[in-house]
Every structure is written in C-alpha cells, then in structure tokens.
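FYI, it's all coordinate maths here, none of it is from the lab. All values reported here derive from a predicted model rather than from experimental measurement. Cβ coordinates were reconstructed from backbone atoms using ideal geometry, including for glycine residues, and neighbour counts include every protein chain displayed.
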C-alpha cells in the first residue's frame, strides 16, 4: 500500500538505529583515515591557494606531452606541471610555480609563451601571488568554520542545544570526509571546491533538520514510546523524502561530471560524494547523539528500550474462615 507521493510502502520499519554501532565504527575509520591523509599527503591546491601561473593553451596540431615537458623544463623556471585537457590532444593546462616577486613571475610567463611558439593559442591565464594564496586559504577555512558554527546556533535556537551538538558533529563528519576524498584522489582543491564543501554542508543539514523536526513531533505525540523505537519510527517516516531528494540531486549532478568539463568535474564529484555522506550522517551521526542524551521534550530522560518499571500484581485478599 502506498501513501500519497511516497513510493516506500506504508508500515516500512527498517532498523536503522540498531546498526548505529557498526555505522559509528565506519565513521571513525573514515574520519581517522581522512585526517591521516590530510596530515601526510595533504591537498592538491589549485592556483587559487598555491599561487603561481596557470595557463590553458590550445595547439593547431596534436601535442607531444613528453617533448613539451622537456622544452619547458629547459627554461629553468622550476617544476612546471602539464596536464592534457579533453580527448583531442590539442589542449593542455600549464602550471608554473609561484615566484617571490611580480617581475620574476612575469618574466617566467613571457619565457613560457616564447617557448610554446606560434602554434599555441593562449586561451586563459591566471596569475596568483603566494601572499594572495595564503589569504585565500585562511579565508576558506574561516568560511567553513563560521558556516558550521552558524548552523549549530540555528539548530540550538530552533530546537534544543542537543540538536545543535548533533548538527555540528554531523557537519564536521561530512566536511572531514569530503576533504579526505580530495586528498586520496588528488583532485585539485580550489575556491570551487570550497563552494562544494559549503553546499554539501547546507544539503546535509537540510536533511538533518527534516529528520529532527519529525523526531520532535513524535516526542510530543508518543510520550511513552521507548526512544530507540521512536527514532526508528521518525527515520522510516522521512525515508521516502530522503531517498527522493538524494536521488534527484545526484541525477542532476551526474551530467556535469561527463559534460561540465575539467573545471567543474571536481565540484560535481565532490557533490555526489557529499550527497551520499550527508544522507548517511543525517541518519547515523545526528540521531545517535540524541540517543546518547536520551532526549525527551522538556528535558526529561527517555527510556532507550521498553524498560519502564511494571506495576506489581495486586495481592489477593484473604477471606477469614467461616465459623
């Protein structure tokens, strides 16, 4: 039997909460692994953060990458990075490291253009100084931290402080897992990636708020229901909405992966990963926090299971013996 626009059968009861310890172990592995990767391998910072020169060029004939790399290495301007773009073998990205002063940087750019020759068309050139890159890194971190703090404060004001803690832990989980994805894959981390992280945070907290709202509603509706049962009920009641929202979001992002070009591919892959991780964390991070606090409306302590003391059976009265 189906109810309204829901494609999840009415009465579905998936035991999400019962798997919370397994999910917690998985989350700890992901978070710990991400932190280790960030501490050892780090991020592949794009031109926005690393500084330097990034050129996108197109050739009138197929590019021989090995020959071109040797030509640019002979210029003596440091470790020049080359990356082919597209399938035509006629476009490539050139990355030149940052220099301490603008004059040296401009001289390096002129030397590269001279070495490329007339067969290459300069389609796009970005120049970012090292000081600007450091400022952008600081501003990017500040933007993410302030966003998480503001979302946590919003949840605190709208619900209770326990919900705020759950929301902030959920967002920290999602952000850390996403940064770990960038580290392990080596995808370029740029200002577009920061936008992806903030978008993921917004998506994740939106799903969390929907579930929290249903939990609060059920806490008032079923005052005697054990907390674990109530959490499962709330998750199953919002399951249809969660699947529909996540599915349509992923479907709208997939075309960008294949047709959006290299500039948007990293953003799209991060968003798909973020939708999956955000949906997972809304279930297995945000709700277990409330279970830990044994939250009830008005600050009462809720029973986890059906552990309320049962009334003792009434004793039978003894009738006096007849004379």
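Given N residues in the range 84-142, what is Rg(Cα) / (2.2 N^0.38 Å)?
Values: Rg = 14.5 Å, N = 59, 2.2 N^0.38 = 10.4 Å.
The range 84-142 yields a ratio of 1.40.
Relative contact order of the range 12-139, please, whole-number percent, based on alpha carbon pairs below 8 angstrom and at least 6 residues apart.
35 percent
Given the range 52-128, what percent of its DSSP beta bridges are antiparallel, to the nearest 5?
Percentage antiparallel, nearest 5: 100.
State the extension gain, in nm to one decimal, for the chain segment bounded by residue 122 and residue 257, taking 0.36 nm per residue of separation less the distance between their alpha-carbons.
46.1 nm
Taking the Cβ-Cβ separation of residue 28 and residue 66 as r and a Förster radius of 51 Å, what is the calculated FRET efficiency to the nearest 0.05? Walk me through the intermediate numbers first.
Details: r = 44 Å, r/R0 = 0.87.
The formula returns an efficiency of 0.70 here.
Can you tell me, using C-alpha contacts under 8 Å and at least 6 residues apart, the relative contact order of the range 193-289 as a whole percent? Can you show the working numbers first?
Values: 69 pairs, mean separation 45.3, N = 97.
Relative CO of the range 193-289 lands at 47 percent.
Where q = 0.11, 0.26 Å⁻¹, what log10 of I(q)/I(0) comes from the Debye formula for the range 52-128, counting one point per Cα?
Debye curve over Cα of the range 52-128, log10 I(q)/I(0) at q = 0.11, 0.26 Å⁻¹: -0.24, -1.39.
Give me Rg/Rg_expected for the range 166-279, where Rg uses Cα atoms only and Rg_expected = 2.2 N^0.38 Å with N residues.
Dividing the Cα radius of gyration by 2.2 N^0.38 Å gives 1.24.
What is the Cα centroid distance between the range 217-266 and the range 43-63, reported in whole angstrom?
So the two Cα centres are separated by 37 Å.
Expressed as a rounded percentage, what relative contact order does the range 147-202 have, with Cα pairs under 8 Å and six or more residues apart?
Here the relative contact order equals 32 percent.
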